[in-house]
Ligand code: AMP
Ligand code: ZN
C-alpha cells in the first residue's frame, strides 16, 4: 500500500478512534507536531479540500464538532488549539488538523513542518468554510506561491523572535512551555 494511503488504512481500526460519528472519525497524528495533535477524517472517500463543494458544508461542521470533542478528551482549552487544512497535503483522504499551539511534538523536525503550520500553507477551518460558502469550491494556489511560502524565515508563534534552524526554534518553544509552568 502506498504510504500516502496510511490514514485511510489506520482509521479502520477502532482502537485508533478518539471520537467518531456516522460521518467522520478522529485519530491521533502518528508523528505529532505538538503535544496534542489530532486528525479528523470523513468516512466518505474525499481526497482533499479541492474536492469539496458547498454540499459538503454540513460534513465540515460535523468534522469541527468532532475536533472540538477531541480537544475535550485532551483536557486542554479550545483557545490553545488551531484547526485547519494544509494547502498542499501529503496524505490522502481529507483531514482536518486539530493541534495545540506549543508545536513541541516529537514529529516537529524540519523547517517545512514549521512553515506548513505557520504561513498561509495552513488554511484555517473558518477560511475554508467561508471560501466554500462564497465560491462553492476551494481554489488551487500556484506551485510557485507554495514554494515561496515554504522558504519563509522561521519565526516563533508566541513572540517575534526569528530562528535559523528548527532545532534552535524548538529549544526556544520549550522555554515558552516552562514559562507557563508546563512540563517541557
Ligand atoms: P498533511 O498531509 O501534510 O496535511 O499531513 C499528514 C499528517 O498525517 C502528518 O501530520 C503526519 O504526521 C500524519 N500521519 C502520517 N501517517 C500517519 C498514520 N499512519 N496515522 C496517523 N497520522 C499519520
Ligand atoms: Zn518565542
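Values quoted throughout were computed directly from the atomic coordinates according to the rules given, and no laboratory measurement underlies them. Note that the coordinates shown come from a computational prediction; the quantities given were computed from them, not determined experimentally. FYI the Cβ positions are ideal-geometry reconstructions off the backbone, even for glycines, and counts take in every protein chain you see.
Of 124, 153, 42, the residue with the greatest mean-square motion in the GNM of the chain, using alpha carbon springs below 10 Å, is 153.
Two-decimal Rg/Rh of segment 42-143 from alpha-carbon positions, Kirkwood Rh? Display every interim value, and only then the final one.
On the way: Rg = 13.8 Å, Rh = 14.5 Å.
Across segment 42-143, the Cα-based Rg/Rh ratio is 0.95.
Between 0 and 90 degrees, the angle of helix 166-179 with respect to the longest Cα principal axis of the chain falls at about 80 degrees.
Angle of helix 57-74 to the longest C-alpha principal axis of the chain, folded into 0 to 90 degrees and rounded to 10: 40°.
Expected output is a single nm value to one decimal: the length gained when fully extending between residue 65 and residue 182, i.e. 0.36 nm times separation in residues minus the C-alpha distance. What is it?
Values: separation 117, 0.36 × 117 = 42.12 nm, distance 2.71 nm.
Residue separation times 0.36 nm, minus the Cα-Cα distance, leaves 39.4 nm.
Any idea what angle helix 125-135 forms with the longest principal axis of the chain, computed on alpha-carbon atoms, 0 to 90 degrees, nearest 10? Once rounded, the angle reads 40 degrees. Projecting label points 7 angstrom from Cα along Cα→Cβ for residue 72 and residue 129 puts them 1.7 nm apart. By other beta-carbon atoms within 10 Å, ranking 166, 146 with the fewest at the front produces 146, 166. Against the compact-protein benchmark of 2.2 N^0.38 Å, the Cα-based radius of gyration of segment 1-85 scales to 1.08.
Here 119, 104, 168 are placed in order of increasing Cβ neighbour count within 10 Å, fewest first, which gives 168, 119, 104. Taking 1.306 mPa s as the viscosity and 10 °C as the temperature, the Stokes-Einstein diffusion coefficient of the chain based on its alpha-carbon Kirkwood radius rounds to 93 µm²/s. Based on alpha-carbon centroids, what's the gap between segment 14-89 and segment 156-170 in Å, whole number please? Each part reduced to its Cα centre gives a spacing of 27 Å.
Projecting label points 7 angstrom from Cα along Cα→Cβ for residue 1 and residue 21 puts them 2.6 nm apart.
Each pair of Cα atoms in segment 122-182 enters the Kirkwood radius, and Stokes-Einstein at 4 °C and 1.567 mPa s then converts it into a translational diffusion coefficient of 89 µm²/s. Full extension of the chain segment joining residue 31 with residue 110 gains 27.2 nm, where the gain is 0.36 nm per residue of separation less the Cα-Cα distance. Ellipticity at 222 nm from helices only: DSSP H runs of n ≥ 4 in the chain, each -39500 (n - 2.57), divided by the residue count, give -10500 deg cm²/dmol.
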